């Protein structure tokens with residue numbers, strides 16, 4: 001089950017479910033996670049290692065030598081396996 005009322009990060013962010021901040025009620029997951037079986041594509045799909053990444057690959061605000069347009073957002077979280085343990089060396093493609 002997804003914890004409701006996640007602890008804040010250094011007091012900077014509101015909890016995930018904070019009724020006084022009404023948009024969190026609509027954005028926060030309220031149902032349990034669904035376990036989706038892995039298919040062949042997920043099990044045998046491309047695997048990228050650190051050697052495949054360039055120094056600028058970690059900054060999506062730099063586009064074609066310039067700055068990206070639009071509002072910048074911060075995404076935070078963690079990747080865990082089905083057992084809840086962190087998955088090390090994980091790359092997330094946005």
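Here are the numbers for this structure:
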{"quantity": "As computed over the stretch 37-89, the Cα convex hull volume per residue (Å³)", "calculated": "150"}
{"quantity": "Long-range Cα-Cα pairs in the stretch 23-65 (distance over 14 Å), rounded percent", "calculated": "73"}
{"quantity": "Estimated inter-spin distance, residue 87 and residue 27, nm [label 7 Å along Cα→Cβ]", "calculated": "2.4"}
{"quantity": "FRET efficiency, residue 62 to residue 16 (Cβ-Cβ, R0 30 Å, nearest 0.05)", "calculated": "0.50"}
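Values quoted throughout were computed directly from the atomic coordinates according to the rules given, and no laboratory measurement underlies them. Predicted model only: the values in this text are computed from it and were never measured. Backbone-built Cβ (ideal geometry, glycine too); neighbour counts: all protein chains shown.
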